[in-house]
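This report refers to the structure that appears directly beneath it.
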Amino acid sequence: MEGVATIEYVVGDITEQEVDVIVNAANSSLLGGGGVDGAIHRKGGPDILAECRALRAGHYGGGLKTGQAVATTAGRLRARWVVHTVGPVWSATEDRSALLADCHHNALRLAAELGAGSIAFPAISTGIYRWPVEDAARIAREATKNAPVDLVRFVLFDQRTYEAFARP
Ligand code: AR6
């Protein structure tokens, strides 16, 4: 992927972002959950879940695989699309880093295909999926270099996560 994206790091709530694409740290069911996923569905309203259900009834009958990405409406959010991706659950015995990088690459590729100029990412896998924040930050930063959009904004929920991502 080639590009000269501006990369921003902010502390905040991803559901408040005014960007073309908001990335959801979803699970393979695509039918909602806690964390970012819960917040996106709560604030974005029922249209997002309706599209997710339609995806499950069609091409994604078996769910969305870890590392893959799919787009729906953003409902009532101030964005055009939500791109749902499934981060890997942290494992101390198996290196799943490539799957976490895939989440970022596939979300970016889909955003570019949609014609999006700006995209906001949460710290995928670092909550309920327990990935160590410093390591997730390193992978996410590396995977969004040369992104094919104008703006990549990492929206971090707390100061500690922000510092891990924004550290030079
Ligand atoms: N805005 C920005 N960041 C947030 C927000 C928010 N509104 N809410 C939480 N975070 P998580 P995961 C941070 O658990 O680890 C769901 O149940 C949070 O502090 O949302 O990929 C899904 O359905 C953490 O730093 O995602 C899956 O089952 C980061 O976002 C599972 O959780 C990611 O935390 C996915 O787990």
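The values are calculated or read from the model by the stated rules, or taken from the named source; none is laboratory data. Given the structure is predicted, the values throughout are model-derived calculations rather than measurements. All Cβ positions, glycine included, derive from the backbone under ideal geometry; neighbour counts span all protein chains shown.
Quick one: in region 154-168, which of the residues that are surrounded by fewer than 20 Cβ atoms within 10 Å (Cβ to Cβ) and modelled with pLDDT of 95 or more is nearest to the chain's Cα centre (by Cα)?
In this case the residue turns out to be Phe157.
Just a yes or no: is a residue in region 13-21 outside any loop (DSSP other than H, G, I, E, B) and more than 11 Å from the ligand (Cβ to nearest atom)?
Yes - at least one qualifying residue is present in region 13-21.
Condition first: buried (at least 22 other Cβ atoms within 10 Å of the Cβ), within 13 Å of the ligand (Cβ to nearest atom), among the small types (Gly, Ala, Ser) and not in a helix (DSSP H, G or I). Can you find one or more residues in region 123-135 that meet it?
Looking through region 123-135, at least one residue is buried (at least 22 other Cβ atoms within 10 Å of the Cβ), within 13 Å of the ligand (Cβ to nearest atom), among the small types (Gly, Ala, Ser) and not in a helix (DSSP H, G or I).
On the given criteria, is Gly45 out of contact with any Pro (no Cβ under 9 Å at 6 or more places or on another chain), small (Gly, Ala, Ser) and within 13 Å of the ligand (Cβ to nearest atom)?
no
Which numbered condition trips up Asp37, out of (1) at negative phi; (2) out of contact with any strand residue (DSSP E or B) (no Cβ under 7 Å at 6 or more places or on another chain)?
(2)
Being touching an Asp or Glu at 6+ places or on another chain (Cβ under 6 Å) and on the phi < 0 side of the Ramachandran plot is the requirement here; does Arg80 meet it?
Judged against the criteria, Arg80 is a match.
Give the residue, chosen from Ala79, Ala74, Ala69, that is in contact with a Leu (Cβ under 9 Å, 6 or more places away or on another chain), crowded, with 18+ Cβ neighbours inside 10 Å and not charged (D, E, K, R).
Among Ala79, Ala74, Ala69, only Ala69 is in contact with a Leu (Cβ under 9 Å, 6 or more places away or on another chain), crowded, with 18+ Cβ neighbours inside 10 Å and not charged (D, E, K, R).
Determine if region 27-34 includes at least one residue that is crowded, with 21+ Cβ neighbours inside 10 Å and farther than 17 Å from Ala79 by Cβ.
yes
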